[in-house]
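Participant: Next up is a structure, given as structure tokens.
The values are calculated or read from the model by the stated rules, or taken from the named source; none is laboratory data. This structure is a prediction, so every number in the text was calculated from the model and none was measured. Cβ: placed from backbone, ideal geometry, glycine included. Neighbour counts: every protein chain shown. Note: accessible area is taken over every heavy atom of the protein model, side chains too, but ligands, DNA and RNA are not part of it. Shrake-Rupley method; radii C 1.70, N 1.55, O 1.52, S 1.80 Å.
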Amino acid sequence: MEVKDVSLYKNALMHKSLYKITETSNERLEFLGDSVLSAVIAHYLFDKTPGEDEGYLTKMRSKVVSREHLNEIGKELELSSLMYTKIPLSQFGENIHGNLFEALTGAVFLDKGYNTCERFIYKTVIQTHINIESLEGKKVFNLMV
């Protein structure tokens, strides 16, 4: 994937500790990435589970985009090793991994558009971590066998 705007990806990995109050951190990209992730996962579940009602779809989507699940994906991608910050990584909680993944997703969306971002989410989340039957139970991560 050829990057059009490198600054988007740098911003996605830029912790707010490096910014003055009036400048932007990766939190805006995190917000956008969270929304795009939710939309792509909702579309996937809608297509893969015909006949299921809104409650079922909502429950399954929330399992996929749960903080715990996104933290695991962010860890797997080792995004924290790429983060720009003034704070030692040891002082961050687990949520930094999922936050970085959401911010990266937002950067991909802005840089490459919805279709490429959808393919990115399919590759990093759906193809490697989702199995509908397992989602119906308690397990969420590493569900593909």
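Participant: List pairs: first residue in segment 94-118 and of a type in the set (Lys, Arg), second residue outside any helix (DSSP H, G or I) and open to solvent by 10 Å² or more (accessible area, probe 1.4 Å) anywhere in the structure, Cβ distance under 8 angstrom, at least six positions apart or on different chains.
Facilitator: Lys112/Met1; Lys112/Lys4
Participant: Taking only segment 69-86 into account, find how many residues are polar (S, T, N, Q) and crowded, with 19+ Cβ neighbours inside 10 Å.
Facilitator: 1
Participant: Testing Ser66 on (1) more than 11 Å from the chain's Cα centre (by Cα); (2) hydroxyl-bearing (Ser, Thr, Tyr); (3) under 13 Å from Leu37 (Cα atoms), one condition comes back false. Which one is that?
Facilitator: So Ser66 meets the others, but not (1).
Participant: May I ask you to list pairs of residues, at least six apart or on different chains, whose Cβ atoms are under 7 Å apart, with the first in segment 4-30 being of a type in the set (Lys, Arg) and part of a loop (DSSP other than H, G, I, E, B) and the second being open to solvent by less than 60 Å² (accessible area, probe 1.4 Å) and modelled with pLDDT under 90?
Facilitator: As it stands, the answer is none, since no pair meets every condition given.
Participant: Working only within segment 58-114, note down all residues that are aliphatic (A, V, I, L, M) and closer than 23 Å to Leu45 by Cβ.
Facilitator: Met60, Val64, Val65, Leu70, Ile73, Leu77, Leu104, Val108
Participant: So for segment 91-98 (the condition being of a type in the set (Val, Ile, Thr) and surrounded by fewer than 21 Cβ atoms within 10 Å (Cβ to Cβ)), does at least one residue qualify?
Facilitator: yes
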